[in-house]
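*Asks:* Below: one structure in structure tokens.
Read-outs throughout are calculated quantities, based only on the coordinates presented, and are distinct from any laboratory measurement. These numbers come from a predicted model, not from an experiment. No Cβ is skipped: glycine too gets one built from the backbone with ideal geometry, and neighbour counts run over all protein chains shown.
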Amino acid sequence: MTHTYIVTGMTCNGCKASVEKALSSIDHVENVSINLDASEVKITMESHISTEILKQALPSKYTLSEKENKTIFTSVSEEKEEKKSELKQLFPLFLIFGYILGGSLLMNYNPFYLDAFMLDFMGLFYIVFSFFKLLDLKGFPESFKMYDPLAKVLPAYGWVYPFIELSLGIMFLMRIQIPLALIITLIILGVTTIGVTKTLLSKKSIQCACLGTALKLPMTKATFIENSIMIIMAIIMLIKTYN
């Protein structure tokens, strides 16, 4: 008998090999086939093995659930539950974004200057996001190259990217070489946004590395929106700088 499961947390071929090895070691498992892009695992077994046993065999970073075969009779309530689940997963991102926005407003509350607000917003954005990436510097490059075009071609880029963000954060907050920081922002976020757009259009289910791997966030439109906001701010500030 063959059953299909969804395993989240797999971001690279190393993860695929780890999951395959863990599941293959279970008694009565004959074959394990993994589709990394779809996060699907097909397990052929001699006799029925409970989902709990399969979960216990996997490292804690992975979550396993049995795939449900949806039909045209899938209820609206199930679709709503999926949306709620996605929003729940994205809650840390919204919360952090809210803190950055609030902090930027407080720093420029009285008097309020839009230019200073945008610079502080970008500075805090980079500082906070680089912090989460540095929490798992070893795991971040693997997740990042799943969708960033430059990181795919140049793996070393994934290792230095958190430090680029940290440096840009300091430059914006300390008002150091702002034009240069704005140009770099347009380049690195422009490249990443291209990769995010391609991933969203292909409807692949992968983990977003915007907050590193410490927080498991799905790749959604929210990632595209946050990058777009930063790009728009950078363009506005560059126009103001050279006008």
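*Asks:* Which distance in Å, rounded to a whole number, links the C-alpha centroids of segment 150-207 and segment 1-74?
*Replies:* Comparing the Cα centres of segment 150-207 and segment 1-74, I get a distance of 33 Å.
*Asks:* I need the shape label for segment 104-243. Rule: rounded when a/c is under 1.5, else prolate if a/b > b/c, else oblate, with a, b, c from the alpha carbon gyration tensor.
*Replies:* prolate
*Asks:* Right, another one. Mind scanning 145/203; 21/55; 42/88; 16/42 and naming the pairs with a C-alpha gap bigger than 22 Å?
*Replies:* 42/88
*Asks:* Over all distinct alpha-carbon pairs, what is the Kirkwood Rh of the chain in angstrom?
*Replies:* 20.0 Å is the Kirkwood radius here.
*Asks:* What dipole magnitude, in Debye to the nearest 20, does the chain give about its Cα centre under +1 on Lys/Arg Cβ and -1 on Asp/Glu Cβ?
*Replies:* 480 debye
*Asks:* Which shape class, rounded, prolate or oblate, goes with segment 21-60 when its Cα gyration tensor gives a ≥ b ≥ c as root eigenvalues, a/c under 1.5 marks rounded, and past that a/b bigger than b/c marks prolate?
*Replies:* It comes out oblate by the Cα gyration axes.
*Asks:* Moving on. 7 Å from Cα along Cα→Cβ at both residue 13 and residue 159: what's the point-to-point distance in nm?
*Replies:* For the pair residue 13/residue 159, the computed spacing is 1.9 nm.
*Asks:* Moving on. Separation between the residue 180 and residue 241 pseudo-spin-labels, each 7 Å from Cα along Cα→Cβ, expressed in nm?
*Replies:* The answer from the label model is 1.0 nm.
*Asks:* Normalised by the number of residues in the chain, what is the relative contact order in percent for Cα pairs under 8 Å and 6+ residues apart?
*Replies:* 19 percent
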